[in-house]
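First the structure, in the form of structure tokens, and then the observations on it.
Please treat every number below as a calculation from the coordinates, not as lab data. Keep in mind the model is a prediction, meaning the values are calculated, not measured. Backbone-built Cβ (ideal geometry, glycine too); neighbour counts: all protein chains shown.
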Amino acid sequence: MAVLKRLMLARASAVVARGLCSGRELGSGSGCGPKQLPLQRSPEGRNRQWVFLGCPGVGKGTYSSRLSGLVGVPHISTGDLVRDELAASGPLASQLAEIVNHGKLVPDEIIIDLLSKRLEAGEAKGETGFILDGFPRTVRQAEILEGVTDIDLVVNLKLREEALLAKCLGRRICSQCGGNYNIASIDIKGENGQPGMYMAPLLPPPHCASKLITRSDDTEEVVKERLRIYNELTKPVEDFYRQRGKLLEFDLPGGIPESWPKLLQALNLGDNANKKSAAA
Ligand code: ADP
């Protein structure tokens with residue numbers, strides 16, 4: 001067992017190191033010493049390992065954090081890890097702000113470092129499994145992850161393109177509790193045989209209403225760049241997982257009230273949700 005573990009770690013180091021070194025071609029940072037994501041390859045003794053893909057504004061954070069509460073695995077958003085680093089004003093903050101506020105991707109080396117630290121902290125608390133949101137975002141990141149652990153399922157959330165920009169621009173966050181809200185009311189008329197779609201705003205409770213802030217990268221110019229980068233660098237990740245038979249496509253039919261029950265059904269989790277609400 002110990003040998004197997006060492007072999008797995010050696011493999012993880014090699015794959016991650018290779019990924020990080022070649023990441024330099026894309027403008028990644030300078031160090032390329034071996035890094036290890038603290039993950040297990042074997043499904044024995046571990047919980048679900050899921051990934052959520054989807055364009056900016058689609059609702060990855062909303063649905064993956066809801067599911068995390070339901071199935072009892074941590075929701076790990078690399079976007080949140082980056083924002084925490086920015087808020088802590090640490091040594092990386094100004095470099096990260098420059099990248100994030102232009103809608104670009106953070107170098108693999110930094111993202112993997114942040115993710116590894118988060119996974120290690122979780123492991124120390126006894127966490128197993130995860131729902132990853134925002135990682136992997138490039139085929140190289142997907143290869144690195146594939147090299148260190150098995151992903152059970154990748155959910156590709158999709159929403160009509162017309163709604164994405166409006167949803168990013170309408171996003172509001174409570175500066176005190178971190179709650180996510182959306183003031184956009186999206187009403188797309190049906191045309192050319194396509195049905196219409198209505199998404200009600202997700203308004204904050206009164207105690208959050210005066211504390212709302214917007215993300216610094218949720219401006220029209222930056223969202224358009226994030227969408228462009230998604231199509232160029234993250235769309236190919238869909239194919240990566242499609243070819244491996246792991247991709248579940250999910251078209252969001254509307255807002256949370258319409259989409260959540262359908263998503264649970266698609267994930268065969270309808271029963272869990274019923275049991276949980278009955279027990280509450
Ligand atoms: P989005 O709403 O665009 O999906 P996220 O909250 O997931 O945004 O991420 C915010 C920003 O953090 C991204 O635009 C990018 O700069 C950075 N980021 C997050 N995850 C990654 C990643 N896996 N690789 C590179 N950069 C990332």
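Karplus-based coupling profile of region 78-91, in residue order and whole Hz: 5, x, 5, 4, 5, 5, 4, 5, 5, 5, 6, 6, x, x, with θ = phi - 60° in 6.51 cos²θ - 1.76 cosθ + 1.60 and x standing for Gly or Pro. Only Lys, Arg, Asp and Glu carry charge here, each on its Cβ (+1 for the first two, -1 for the last two); on that basis region 47-270 has a dipole of about 500 debye about its Cα centre.
Peptides 132-142, 99-109 ordered by packing proxy, namely the average of other Cβ atoms within 10 Å per residue, highest first: 132-142, 99-109.
Computed over neighbours whose Cβ is under 12 Å from that of residue 229, the net charge equals +3, Lys and Arg +1, Asp and Glu -1. For region 47-270, the convex hull spanned by the alpha carbon atoms encloses 140 Å³ per residue.
Residues within the reach of a label modelled at residue 271 (point 7 angstrom out along Cα to beta-carbon, backbone nitrogen below 17 Å), restricted to region 53-76, are 71-72.
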